[in-house]
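Read-outs throughout are calculated quantities, based only on the coordinates presented, and are distinct from any laboratory measurement. None of the values given here were measured: they were computed from a predicted structure. Here the Cβ positions follow ideal geometry from the backbone for every residue, glycine too, while neighbour counts run over all protein chains shown.
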Ligand code: KIV
Ligand code: ZN
């Protein structure tokens with residue numbers, strides 16, 4: 001009989017906490033909805049007590065997501081657990097995930113406590129969380145390095161206190177597959193109440209073993225795997241969702257387990273997460289890397305032409321990579337675009353056909369042919385535009401040449417006003433950014449900038465990714481255009497609008513505090 005393995009996605013928590021620039025609220029919602037479409041069972045949406053922004057996004061994700069269970073993280077203290085419950089109570093069903101360290105090094109050096117104190121805190125936290133929901137997960141942080149007697153004792157106590165899922169993290173990615181699988185087997189053999197909870201695993205990838213360790217744990221009886229899209233996460237990352245999901249699908253007969261993941265959604269979700277998180281996927285990454293399904297050697301190509309299963313153990317189509325090439329041009333009508341969007345997996349209410357078609361025509365005029373990737377890129381780009389952006393680019397022009405300074409002129413709408421500015425720089429992008437800087441009232445520094453190609457070789461769209469520092473915070477923006485200067489300008493405008501929204505939130509907070517003070521006077 002095939003067993004079901006629960007997929008617990010922590011892209012928005014463990015993944016997000018490792019990004020250079022945090023995701024905007026709008027981006028988090030977009031990822032949460034994509035995860036739901038992908039079929040994950042649990043979405044860990046954030047760490048509500050960590051900031052008002054995190055609290056708000058966890059709450060909004062809990063409202064927006066209907067089919068997956070939304071979960072929040074908390075340390076084993078009441079304030080954290082209460083913040084989780086408050087943020088999540090808008091959902092019909094939610095999970096509170098509480099954790100405390102159990103390894104000697106963490107207990108003694110980080111927490112400066114005895115193991116018994118830590119055990120008492122864990123028991124109290126689980127009991128307290130159970131007052132808000134009957135779905136409580138408890139994690140033994142650094143379980144991979146915890147003495148096995150202590151680990152068995154902690155797991156038993158957490159289950160007795162009411163934990164319905166107990167998670168065994170290899171927090172520092174230290175264990176080997178047979179060792180980690182052995183820890184899980186030992187728990188099943190020695191913890192008397194183990195059948196009262198789901199055993200989960202959460203592996204980090206410091207030695208490149210996160211997926212192997214998670215699979216060894218599944219073979220030993222774990223029935224929840226915690227993972228992230230593209231394996232993003234602290235340091236070397238977490239267990240990669242697409243890899244574990246495809247292992248369980250491709251080797252289902254051998255493993256006798258399955259997941260609820262809709263595999264055809266994998267490629268699309270991976271692209272979205274990579275783009276929004278500004279985390280490129282390495283070309284040779286299993287399942288979602290650009291080369292994962294390309295065959296280079298003559299012998300392999302010959303084999304593939306004879307029978308694709310000579311060198312492919314799964315098809316690219318099975319993870320949603322379509323090999324069909326579109327031949328859309330400015331002569332293609334609306335119904336063709338609608339039909340193509342349908343075959344790419346988008347329903348009519350996922351996008352606005354008229355505005356997508358207008359953008360498609362503009363692109364087709366510039367490029368001639370428009371491909372699947374381009375179509376997804378313009379859809380994706382228009383979803384990022386928040387109505388009434390404060391800063392809007394009306395015009396830009398840049399001149400540069402060998403041995404010369406570059407000059408740029410820009411025309412921007414800043415709220416209700418128009419600003420026209422020019423500047424020089426040591427290159428075209430520098431000149432452009434200097435000109436925009438003059439037009440806006442924001443003292444920012446460019447922390448990271450890159451240009452890449454999205455789509456078909458020379459015909460691809462230029463993607464500019466930008467990280468900007470403002471008041472010790474980092475903001476990420478991107479722009480997609482046939483012209484890389486225009487793409488760079490869009491990326492900067494994207495970040496500046498996010499900064500503007502952050503300024504407005506800060507102003508609202510100051511106003512509320514002033515009101516509070518004047519009430520007290
Ligand atoms: O790596 C870890 O131990 C964690 C826990 C909070 C589950 O992320
Ligand atoms: Zn982790």
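Would you work out the relative contact order for the range 373-521, in percent, from Cα pairs under 8 angstrom that are 6 or more residues apart?
The normalised contact order for the range 373-521 reaches 16 percent.
Going by a ≥ b ≥ c, the root eigenvalues of the Cα gyration tensor, does the range 322-384 fall in the rounded group (a/c under 1.5), the prolate group (a/b larger than b/c) or the oblate group?
Verdict is rounded for the range 322-384.
Quick one: compute a quarter of the convex hull surface over the Cα atoms of the chain and quote it in nm².
Result: a mean projected hull area of 29.8 nm².
Tell me the angle of helix 148-161 to the major Cα principal axis of the chain, expressed in degrees between 0 and 90 and rounded to the nearest ten.
Value to nearest ten degrees: 90.
Rounded to two decimals, what is Rg over Rh for the range 145-209 when you use alpha-carbon atoms and the Kirkwood radius?
Using Cα coordinates only, the ratio equals 0.97.
Order these by the 10 Å Cβ neighbour count, fewest first: 402, 133, 424, 495.
Fewest-to-most Cβ neighbours within 10 Å comes out as 402, 424, 133, 495.
Please report how far the C-alpha centroid of the range 175-223 lies from that of the range 81-157, rounded to the nearest whole angstrom.
Each part's Cα centre sits 18 Å from the other's.
In whole Å, what three semi-axes, largest first, describe the equivalent ellipsoid of the range 102-232 built from its Cα gyration tensor (square root of 5 times each eigenvalue)?
Output for the range 102-232: semi-axes of 22, 17, 14 Å.
Calculate how steeply helix 372-384 sits against the longest principal axis of the alpha-carbon atoms of the chain, using the helix alpha-carbon long axis, and give the answer as 0 to 90 degrees to the nearest 10.
With rounding to tens, the tilt is 80 degrees.
Quick check on the range 6-277: of the DSSP beta bridges with both residues there, what percent are antiparallel, nearest 5%?
Given both bridge residues lie in the range 6-277, the antiparallel proportion sits at roughly 5 percent.
Gap in Å between the Cα centre of the range 243-279 and the Cα centre of the range 412-471?
35 Å
In whole angstrom, and with the biggest value first, how far do the Cα coordinates of the range 460-505 range along each principal axis?
36, 17, 12
Quick one, what does Rg over Rh come out to for the range 420-521 if you take C-alpha atoms and the Kirkwood Rh?
Radius of gyration relative to Kirkwood radius: 1.15.
Which order do peptides 223-231, 171-179, 77-85 fall in by mean Cβ count within 10 Å, highest first?
223-231, 77-85, 171-179
Using DSSP, restrict attention to beta bridges with both residues in the chain and report what percent are antiparallel, rounded to the nearest 5.
The answer is about 50 percent antiparallel.
Under 20 °C and 1.002 mPa s, how fast does the range 111-179 diffuse according to Stokes-Einstein, given a Kirkwood radius computed over C-alpha pairs? Answer in µm²/s, whole number.
170 µm²/s
Could you order peptides 338-349, 469-480 by the average number of other Cβ atoms within 10 Å of their residues, highest first?
Final packing ranking: 469-480, 338-349.
Measuring from centroid to centroid over Cα atoms, what is the spacing of the range 1-73 and the range 287-343 in Å?
If you average the Cα positions of each part, the centres end up 30 Å apart.
Using square roots of five times the C-alpha gyration tensor eigenvalues, list the equivalent-ellipsoid semi-axes of the range 26-141 in whole Å, biggest first.
27, 14, 12
Cut-off is 10 Å between beta-carbons; in what order do 496, 412 appear when sorted fewest neighbours first?
Exposure proxy ranking, most exposed first: 412, 496.
Could you order the peptides 232-243, 247-258, 268-279 from most to least packed, using the average number of other C-beta atoms within 10 Å per residue?
Output ranking for 232-243, 247-258, 268-279: 232-243, 268-279, 247-258.
Report, as a whole number in µm² per second, the diffusion coefficient that Stokes-Einstein gives for the range 6-277 at 4 °C and 1.567 mPa s using the Kirkwood radius over alpha carbon pairs.
Diffusion coefficient, whole number: 71 µm²/s.
Rg over Rh of the range 347-477, using C-alpha atoms and the Kirkwood radius, what does it come to?
For the range 347-477, the value is 0.99.
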